Amino acid sequence: RVHFGLESGSDTVLDFTAKGVTAAEQLEGCLKIKDAGISCSVYVMPGLGGGRWSGLHAVETAELLSRAAPDFVRLRSLEIFPKTGLAAAVERGDFVEATEEQVVREIRILVEQTEAPCRMVSDSASNLLDVNGRLPEDRDRMLSVIDEFLELSPREKLAFSLESRLRSFYGQYGGLTDDIMTAVAPYLTNGRIDISYGSDEQIEASVRLIRSKLMP
């Protein structure tokens, strides 16, 4: 099996992120791998288009996946780490990070519009939702998982995000660091998430802290 980072099927996004390859070249690579009788596993990065190209990134990536028909599509939602080119672009105002809801909607487009048999795998701590299954057989079930989240109120989405990130961190490290424990202590009641208190900004800051320490 060959694994490689497709990241996006949009030339606009690939050019902005200096990927060094076009969508057509990535398609050619997928098809050559399959023609050689080797299993093809690609990594796609929801959020890489930022807020500006969120929809374009998702739609054109689904189009490329439909043509390439890789055996596996592995979701790796974008995380921006310090001292990277993308972090510098954020500081300059050249890149505005997509919201978690935008990223989830991108994944919905990927599930809904990828018209090729493949297995879509959400096996990264950077992903908010566990969206796993085989297309097209599991499409409806996968969409229902996404829609259940999208139907939550904004405050419920925050609670979901905080709980999901805590679960991911605990799963990776077996416990919480002191700074994370301090940040989330106001939102824990008898070991359960309770965001009755605290502003959206404070809770989002706690989520961001946890995400910054997760291994993708």
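Entry remark, the range 147-162: residues being assigned to a loop (DSSP other than H, G, I, E, B) and not hydrophobic (A, V, I, L, M, F, W, C) number 2 in total. GLY50 meets all of the listed conditions (1) in contact with a helix residue (DSSP H, G or I) (Cβ under 7 Å, 6 or more places away or on another chain); (2) among the small types (Gly, Ala, Ser); (3) within 22 Å of LYS213 (Cα to Cα) but one, namely (1).
Just one of (1) within 28 Å of SER212 (Cβ to Cβ); (2) open to solvent by 50 Å² or more (accessible area, probe 1.4 Å); (3) touching a Leu at 6+ places or on another chain (Cβ under 9 Å) fails for GLU156. It is (3). If you go through the range 25-43 and pick out every residue that is open to solvent by 60 Å² or more (accessible area, probe 1.4 Å) and farther than 19 Å from ASP15 by Cα, you end up with 7.
Looking at TYR170, is it among the aromatic types (Phe, Trp, Tyr), in contact with a helix residue (DSSP H, G or I) (Cβ under 7 Å, 6 or more places away or on another chain) and open to solvent by 70 Å² or more (accessible area, probe 1.4 Å)? So TYR170 fails the test.
Out of the residues in the range 76-97 meeting the condition of being more than 20 Å from ASN127 (Cα to Cα) and among the basic types (Lys, Arg), tell me which one is nearest to the chain's Cα centre (by Cα). The residue in question is LYS83. ARG76 - would you say it is touching a Pro at 6+ places or on another chain (Cβ under 8 Å) and under 22 Å from ASP140 (Cα atoms)? Yes; evaluated as a whole, the condition is true for this residue. One residue stands out in the range 167-186 among those that are hydroxyl-bearing (Ser, Thr, Tyr) and in a helix (DSSP H, G or I): the one that is farthest from PRO216 (Cα to Cα), namely THR182. Can you pull out every residue in the range 173-216 that is within 18 Å of the chain's Cα centre (by Cα) and either open to solvent by less than 60 Å² (accessible area, probe 1.4 Å) or farther than 16 Å from LEU158 by Cβ (or both)? Matches in the range 173-216: VAL207, LEU209, ILE210, ARG211, SER212, LYS213, LEU214, MET215, PRO216.
Test THR22 against the criterion of being open to solvent by 40 Å² or more (accessible area, probe 1.4 Å), touching a helix residue (DSSP H, G or I) at 6+ places or on another chain (Cβ under 8 Å), of a type outside the set (D, E, K, R) and free of Cβ contacts under 8 Å to residues at least 12 places away in the same chain, and give yes or no. It is true that THR22 is open to solvent by 40 Å² or more (accessible area, probe 1.4 Å), touching a helix residue (DSSP H, G or I) at 6+ places or on another chain (Cβ under 8 Å), of a type outside the set (D, E, K, R) and free of Cβ contacts under 8 Å to residues at least 12 places away in the same chain.
The values are calculated or read from the model by the stated rules, or taken from the named source; none is laboratory data. What you are looking at is a predicted structure, and each value in this text was computed from that prediction instead of being measured. Reconstructed Cβ throughout: ideal geometry from the backbone, glycine too, with neighbour counts over all protein chains shown. Surface areas here come from the heavy atoms of the whole protein model, side chains and all, with no ligands, DNA or RNA. Shrake-Rupley method; radii C 1.70, N 1.55, O 1.52, S 1.80 Å.
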